[in-house]
Amino acid sequence: MSYVGASQAPAGCVFCEAVSGSDDRKNLVLFRGDHAFLILNAYPYTPGHLMAVLNRHVGGLREAAAEELGSAMELVRLAVSILSVEYRAEGFNVGLNQGRVAGAGITDHLHVHVVPRWVGDTNFMPVLDDVRVLPEALETTYDRLRGRVVG
């Protein structure tokens with residue numbers, strides 16, 4: 001509701017703010033690595049929708065260093081592991097959207113989506129108007145997954 005009720009789009013880069021911030025729970029940052037970090041998607045497609053985000057503000061694969069991409073993929077693997085255990089995910093959609101025409105909501109800071117999936121996880125809501133119903137608050141999801149990452 002805070003997103004829907006906002007009078008204007010937030011200024012700056014949400015990923016840069018998250019990586020430079022000190023309140024990981026508020027910023028939904030689950031894990032920090034040398035070149036990338038793992039964060040909950042604030043507007044998830046499913047519960048547990050995570051993103052592996054480069055620490056450096058770079059928008060494309062060509063500009064990213066090999067160690068940055070490798071670090072992001074290690075975090076994708078960590079995400080799949082913790083979501084498999086904590087949420088018993090049966091499958092995953094993993095990918096990135098580079099550029100607005102490819103569907104990127106944040107075009108200038110490279111990130112990889114990890115979306116857990118289950119048999120029968122689609123209901124009538126997305127068919128009506130791209131609406132999603134999430135059975136769990138983001139704070140609850142954060143607490144469940146944070147314990148798996150640092151526990």
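The values are calculated or read from the model by the stated rules, or taken from the named source; none is laboratory data. Everything numeric in this text was worked out from a predicted model, so none of it was measured. Cβ: placed from backbone, ideal geometry, glycine included. Neighbour counts: every protein chain shown.
Answer yes or no: is there a residue in the range 86-94 that is among the acidic types (Asp, Glu), surrounded by 13 or more Cβ atoms within 10 Å (Cβ to Cβ), farther than 13 Å from residue 45 by Cβ and at pLDDT 80 or above.
Yes - at least one qualifying residue is present in the range 86-94.
Let's see how each residue does on (1) farther than 22 Å from residue 137 by Cα; (2) assigned to a loop (DSSP other than H, G, I, E, B):
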| residue | (1), (2) |
| --- | --- |
| 12 | yes, yes |
| 73 | yes, no |
| 79 | no, no |
| 85 | no, no |
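Being within 14 Å of the chain's Cα centre (by Cα) and modelled with pLDDT of 95 or more: is that true of residue 56 here?
Criteria not met by residue 56.
Rundown of residues vs (1) of a type in the set (A, V, I, L, M, F, W, C); (2) at pLDDT below 95, yes/no style:
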{"site": "39", "(1), (2)": "yes, no"}
{"site": "44", "(1), (2)": "no, yes"}
{"site": "60", "(1), (2)": "no, yes"}
{"site": "66", "(1), (2)": "yes, no"}
{"site": "79", "(1), (2)": "yes, no"}
{"site": "105", "(1), (2)": "no, yes"}
{"site": "108", "(1), (2)": "no, yes"}
{"site": "111", "(1), (2)": "no, no"}
{"site": "130", "(1), (2)": "no, yes"}
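I'm told residue 7 meets every condition in (1) under 26 Å from residue 144 (Cβ atoms); (2) surrounded by fewer than 16 Cβ atoms within 10 Å (Cβ to Cβ); (3) at pLDDT below 95 except one. Can you identify the failing condition by its number?
Looking at each condition in turn, residue 7 falls short on (1).
State whether the residues of the range 22-34 include one that is within 24 Å of residue 121 (Cα to Cα), modelled with pLDDT of 95 or more and not in a loop (DSSP other than H, G, I, E, B).
Within the range 22-34 (the criterion being within 24 Å of residue 121 (Cα to Cα), modelled with pLDDT of 95 or more and not in a loop (DSSP other than H, G, I, E, B)), the answer is no, since none of the residues qualifies.
Please enumerate the residues belonging to the range 113-128 that are touching a Gly at 6+ places or on another chain (Cβ under 9 Å) and modelled with pLDDT under 65.
Within the range 113-128, no residue meets the criteria.
Just to be sure, is residue 50 within 16 Å of residue 142 (Cα to Cα), crowded, with 16+ Cβ neighbours inside 10 Å and within 16 Å of the chain's Cα centre (by Cα)?
yes
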